[in-house]
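To keep things clear, I will list the structure first and then write my remarks on it.
The values are calculated or read from the model by the stated rules, or taken from the named source; none is laboratory data. Keep in mind that what you see is a predicted model, and the values were worked out from it rather than measured. We place every Cβ from the backbone using ideal geometry, glycine too, and count neighbours over all the protein chains shown.
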Amino acid sequence: MGLGLQIAYLGFAGSNDAEREAGVELVRLERLAKDIANCHLTVEAYRDPSGQRIFDARLDLITREFDLLPVASTTDADLSIAIHHAFDNAVGLLKQRFMSSPAR
């Protein structure tokens with residue numbers, strides 16, 4: 001069974017590019033996500049004080065035991081980069097979690 005993904009957009013309607021980027025990143029995450037059942041991605045668009053549009057991307061991972069693993073959010077003016085870095089943070093979290101778990 002594959003890893004589930006839900007995407008919520010705040011402050012904008014979303015885009016095909018965001019969906020595509022998240023799908024590509026999900027495939028990368030699945031390789032490490034043996035005990036992860038679902039992935040919730042929230043992307044929020046807002047304007048910084050200078051008026052530039054900024055995207056904040058945050059992932060929450062849900063384990064098969066229904067534990068919540070929040071992942072550090074990332075912010076960038078480029079939507080694809082914000083999503084990519086959010087998934088980078090998730091990969092780092094899963095690697096850290098795997099390294100700290102007892103040998104099976």
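Some observations on this one:
- Single unsatisfied condition, PHE98 versus (1) modelled with pLDDT under 95; (2) in contact with a strand residue (DSSP E or B) (Cβ under 6 Å, 6 or more places away or on another chain): (2)
- Across segment 41-52, the number of residues qualifying as out of contact with any helix residue (DSSP H, G or I) (no Cβ under 8 Å at 6 or more places or on another chain) and touching a residue at least 40 places away in the same chain (Cβ under 8 Å) comes to 0.
- First in segment 82-104 and farther than 18 Å from GLU25 by Cβ, second anywhere and at pLDDT 90 or above and of a type in the set (A, V, I, L, M, F, W, C), Cβ under 6 Å, 6 or more apart: none
- Residue within segment 30-45 that is at pLDDT 95 or above, part of a strand (DSSP E or B) and in contact with a Gly (Cβ under 6 Å, 6 or more places away or on another chain) present: yes
- Filter result for ALA77 (among the hydrophobic types (A, V, I, L, M, F, W, C), out of contact with any Phe, Trp or Tyr (no Cβ under 6 Å at 6 or more places or on another chain) and free of Cβ contacts under 8 Å to residues at least 40 places away in the same chain): yes
- Condition check for PHE55: surrounded by 17 or more Cβ atoms within 10 Å (Cβ to Cβ), without any contact (Cβ under 8 Å) to a residue 60 or more places away in the chain and either at positive phi or assigned to a strand (DSSP E or B) (or both): yes
- Test: residue in segment 62-79 that is hydroxyl-bearing (Ser, Thr, Tyr), in a strand (DSSP E or B) and more than 13 Å from LEU3 (Cα to Cα): yes
- Residues being in contact (Cβ under 8 Å) with a residue 24 or more places away in the chain and either exposed (fewer than 15 other Cβ atoms within 10 Å of the Cβ) or closer than 18 Å to SER73 by Cβ (or both) - total across segment 12-34: 12
- Residue identified as among the hydroxyl-bearing types (Ser, Thr, Tyr) and surrounded by 14 or more Cβ atoms within 10 Å (Cβ to Cβ) among TYR9, TYR46: TYR9
- The residue of segment 58-85 that is surrounded by the fewest Cβ atoms within 10 Å (Cβ to Cβ), among those that are in contact with a helix residue (DSSP H, G or I) (Cβ under 8 Å, 6 or more places away or on another chain) and within 16 Å of ASP17 (Cα to Cα), is ASP76.
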